[in-house]
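Chemist: Sending over a structure as structure tokens; questions will come in a sec.
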Amino acid sequence: MVVIILLSLYYVYNPSTTGIFPACPFHSVTGLYCPGCGSQRALHQLLHLNIIATLDYNALYILGILTFLYNICMRIINRIRKKDYYNYLYHPYTPVIFGVIIVLFWVLRNIEVHPFTILAP
């Protein structure tokens, strides 16, 4: 129920123009973008099915959603087929790979030189 209410709020109110949503504390203190900066605006755009704007605000948002959907699909397939297909999210190196991607995204989106400025929200 809480998720539906939150999604409804993000659908109706645009975080870019409304002050009811909290600002990123990391950005407020440092002036730098964290890996999650732009996620609220990205969610608003995604709920309106505007994928390009979602990518503009936070490219990792789509990667996170695809990862979440992959995990759900693998669980459903394994349950329906009564098989144990390997889920690559449980590979020992997956957290390391995701960690490297997140740190690289964090660093690169704070470089104020083109083309890295594209990564900033």
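Chemist: For the stretch 15-54, what are the residues that are among the hydrophobic types (A, V, I, L, M, F, W, C), surrounded by 17 or more Cβ atoms within 10 Å (Cβ to Cβ) and not in a loop (DSSP other than H, G, I, E, B)?
Modeler: The answer is A42, L43, L46.
Chemist: Right, next: Would you point out the residue of the stretch 70-121, among those that are in contact with a helix residue (DSSP H, G or I) (Cβ under 6 Å, 6 or more places away or on another chain) and under 28 Å from Y57 (Cβ atoms), that is surrounded by the most Cβ atoms within 10 Å (Cβ to Cβ)?
Modeler: The residue in question is R109.
Chemist: Tell me the residue from I102, I72 that is under 24 Å from H44 (Cβ atoms), over 14 Å from the mean Cα position of the chain (by Cα) and modelled with pLDDT of 95 or more, please.
Modeler: From the options I102, I72, the qualifying one is I72.
Chemist: Out of curiosity, is I4 farther than 21 Å from W106 by Cα, part of a helix (DSSP H, G or I) and either without any contact (Cβ under 8 Å) to a residue 12 or more places away in the chain or of a type in the set (D, E, K, R) (or both)? If you could, list the steps in order and put the result at the bottom.
Modeler: Working: farther than 21 Å from W106 by Cα: yes; part of a helix (DSSP H, G or I): yes; either without any contact (Cβ under 8 Å) to a residue 12 or more places away in the chain or of a type in the set (D, E, K, R) (or both): yes.
Yes.
Chemist: Scan the stretch 23-40 and report the pairs whose first residue is in contact (Cβ under 8 Å) with a residue 12 or more places away in the chain and closer than 19 Å to F116 by Cα and whose second residue is in a loop (DSSP other than H, G, I, E, B) and of a type in the set (S, T, N, Q), with Cβ atoms within less than 9 Å and a gap of 6+ or a chain change.
Modeler: Pairs that qualify, where the first residue is in contact (Cβ under 8 Å) with a residue 12 or more places away in the chain and closer than 19 Å to F116 by Cα and the partner is in a loop (DSSP other than H, G, I, E, B) and of a type in the set (S, T, N, Q), are L32/N110; Y33/N110; P35/N58; G36/N58; C37/N58; G38/N58; S39/N58.
Chemist: If I filter the stretch 76-93 for residues that are among the hydroxyl-bearing types (S, T, Y) and at pLDDT 95 or above, do I get at least one hit?
Modeler: Yes, the stretch 76-93 has at least one match.
Chemist: Quick one: which of G19, G38 is under 23 Å from L104 (Cβ atoms) and either among the hydrophobic types (A, V, I, L, M, F, W, C) or modelled with pLDDT under 95 (or both)?
Modeler: Sole residue among the options that is under 23 Å from L104 (Cβ atoms) and either among the hydrophobic types (A, V, I, L, M, F, W, C) or modelled with pLDDT under 95 (or both): G38.
The values are calculated or read from the model by the stated rules, or taken from the named source; none is laboratory data. Note that the structure is predicted; figures quoted are calculated from it, not measured. For neighbour counting, all protein chains shown are included, and Cβ atoms are generated from backbone atoms with ideal geometry for every residue, glycine included.
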